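Starting off with a structure, shown below.
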C-alpha cells in the first residue's frame, strides 16, 4: 500500500451530547498505513531518509531490519535516540535490541521504572511523527491488525519531541499538549468524550475491554440508538464485559486465533464517505493503559484516515463471528 495523502486543516473541538466531556482540537493527518497489508517498508524508508535526527519510543523492539537501519544512520552522523520500555518484562523483551543498538552508536535509554511505556512512535528530523498502534516486532507484522499515521503538524511534532526528551532524560514532566494528541496517563476523559460524541454510528477495535468508563460510554451510545460495532479477537478475559455490551445492543464481532489478530486501538465516530472523527493510538481499553501507562494517540477528521479505518474495521466485523452473547 502506498502513501495516500489528503489535505486537512485544523478543525474546531467536538463536544459530547451532554457537554460533560470535550474532545480536544483535532490533528491533520497526511497518510495512514493499515497493517498487515501495508507492511513496514514506509518506516524503513522514513528512517533511511533522515538527515539530522531520529527519535523512537516503543514498548517492544525486535526487528533486525529496522535495528540495522537505525545503526546505519547513527554511524552516518544522524542523532538517533531510542527509548525502550523496561517495566513489565520490558528488560527481558528489549535487552537484545538495546545491546545491538548501543554497539552501533545509537543512544539508548530505558524508560523510567515504575511506568509501562506502551507508546509507539517515531519522529524523523523533528518534522514528521509516525504514530502507531503496533509494536516494532517483525514476527508479528504479518498477522496483526494495526494502523500507523503520519502527523507532520509542526505543533504536534514539537509536543511529541519535547515529551520524548523529558522521558528520555527520566524527567517526570507531564506530556506536552497539542492539537488532537491524546497522551496517557490520563486519557480516559478524551476517549470517553469521543465515544459520547457519536450521533449515528461508532466503530471500535481494541485488544482489551477492561475499562468501566469506556464500557459505560459504549452502553450509553447503544441506549441512545447509536449503531455501535465492537471488533476484537476472542479472549475469555473480556467475555463478561462483552456479554454485557452485546445484551445492551452493542454489535460485538469476535475473530479467532487463526484470523488476523486485533491489536489495533481505534475509534471511528459517525464515519462515512465525507465526514467522521477517528482516534488511532496505543491506548488499550484498560485502567492501566488509560490511567497509568505512557501512551500516545491522535484524533483526526482526515478523510484518508476515516476511509482506511472504516474499511478495515467493517471488513474485520464481517469476518468475525457476530453474536448477541460472546460466549454463545
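What is the ratio of the Cα radius of gyration of the stretch 31-179 to 2.2 N^0.38 Å, where N is its residue count, to two decimals?
On the way: Rg = 14.2 Å, N = 149, 2.2 N^0.38 = 14.7 Å.
It is 0.96.
To continue, here is another question. Give me the compactness ratio for the stretch 55-111, meaning the Cα radius of gyration over 2.2 N^0.38 Å. Could you put the intermediate results ahead of the total?
Values: Rg = 10.4 Å, N = 57, 2.2 N^0.38 = 10.2 Å.
For the stretch 55-111, the normalised Cα radius of gyration is 1.02.
I would also like to ask the following. As I understand it, the value is the acute angle between the Cα axis of helix 64-75 and the longest principal axis of the Cα atoms of the chain; what does it come to in degrees, rounded to 10?
40
So for the chain, averaging the separation of alpha carbon pairs under 8 Å that are six or more residues apart and normalising by length, what relative contact order in percent results?
Working: 806 pairs, mean separation 69.2, N = 328.
The value is 21 percent.
May I pose another question? Suppose only helical runs count, i.e. DSSP H with n ≥ 4. What mean residue ellipticity at 222 nm does that imply for the chain under -39500 (n - 2.57) per run, divided by all residues and rounded to the nearest 500 deg cm²/dmol?
Numbers: 9 runs with 101 residues, N = 328.
After summing the helix terms and dividing by residue count, I get -9500 deg cm²/dmol.
Another one. What spacing in nm lies between the two simple spin-label points modelled at residue 166 and residue 109, each 7 Å away from Cα in the Cβ direction?
My value for the distance between the label points is 1.2 nm.
Follow-up question, since we're still on this one. As a footprinting exposure proxy, order 56, 161, 192 by other Cβ within 10 Å, with the fewest listed first.
Working: 56 25, 161 17, 192 22.
With the sparsest Cβ surroundings first, the list reads 161, 192, 56.
Follow-up question, since we're still on this one. In the stretch 240-278, which residues have a backbone nitrogen under 13 Å from the label point lying 7 Å from residue 224's Cα in the Cα-to-Cβ direction?
269-270
Can you tell me the 0 to 90 degree angle between the C-alpha axis of helix 154-168 and the longest principal axis of the chain, rounded to 10?
70
Among [x] 127; [y] 146; [z] 118, find the value of volume of the Cα convex hull per residue in Å³ that was calculated from the structure presented, and write down its label.
For volume of the Cα convex hull per residue in Å³, the calculated option is [z].
So what is the relative contact order for the stretch 173-240, in percent, with contacts set as C-alpha pairs under 8 Å and at least six apart? Please list the in-between numbers first.
On the way: 53 pairs, mean separation 22.6, N = 68.
Computed value for the stretch 173-240: 33 percent relative contact order.
Taking neighbour Cβ counts within 10 Å as the exposure measure, how do 116, 160 sort from fewest upward? List each step's numbers first, then the result.
Working: 116 20, 160 28.
Ascending number of Cβ neighbours within 10 Å: 116, 160.
First measure r as the distance between the Cβ atoms of residue 199 and residue 143, then evaluate 1/(1 + (r/R0)^6) with R0 = 41 Å and state the FRET efficiency to the nearest 0.05.
0.70
Further question on the same structure: If R₀ is 22 angstrom, what is the calculated FRET efficiency for the pair residue 213 and residue 177, using the beta carbon separation as r and rounding to 0.05? Can you show the working numbers first?
Numbers: r = 21 Å, r/R0 = 0.93.
It comes out at approximately 0.60.
Please work out the FRET efficiency for the pair residue 155 and residue 79, using the Cβ-Cβ distance as r and a Förster radius of 25 Å; give the result to the nearest 0.05.
Working: r = 22 Å, r/R0 = 0.87.
For residue 155 and residue 79, the calculated efficiency is 0.70.
Among DSSP beta bridges lying fully in the chain, give the percent that are antiparallel, nearest 5.
Numbers: 38 of 65 bridges.
Of the beta bridges lying entirely in the chain, close to 60 percent run antiparallel.
What does DSSP give for the stretch 220-328 in terms of the percent of beta bridges that are antiparallel, rounded to the nearest 5?
Once the DSSP bridges in the stretch 220-328 are tallied, antiparallel ones form about 70 percent.
So, one more: Figure the gain on full extension for residue 235 and residue 48 (residue separation times 0.36 nm, minus the Cα-Cα span) and round it to one decimal in nm. Intermediate results must be reported in sequence, preceding the final value.
Details: separation 187, 0.36 × 187 = 67.32 nm, distance 3.87 nm.
Using 0.36 nm per residue and subtracting the Cα-Cα distance, I get 63.5 nm.
Hey, another quick one. Enter the angle in degrees (range 0 to 90, nearest 10) between the Cα long axis of helix 90-103 and the first principal axis of the Cα atoms of the chain, meaning the one along which they spread out most.
30
Below 8 Å, C-alpha to C-alpha, sequence gap of six or more: please give me the relative contact order for the stretch 31-179 in percent. Can you show the working numbers first?
Working: 283 pairs, mean separation 42.4, N = 149.
Relative contact order here is 28 percent.
Next question, about the same structure. For the residues 304, 95, 128, 133, what sequence is obtained by ranking on other C-beta atoms within 10 Å, fewest first?
Values: 304 21, 95 13, 128 18, 133 25.
Ordered by Cβ neighbours within 10 Å, fewest first: 95, 128, 304, 133.
How big is the stretch 233-328 by Rg and Dmax over its Cα atoms, in Å?
That works out to 14.3, 38 Å for Rg and Dmax.
Each reported figure results from applying straightforward, stated rules to the coordinates on display, with no laboratory input. Computed from a predicted model, the values in this text were never measured in an experiment. Cβ sites come from the backbone with ideal geometry, for glycine too, and all protein chains shown count toward neighbours.
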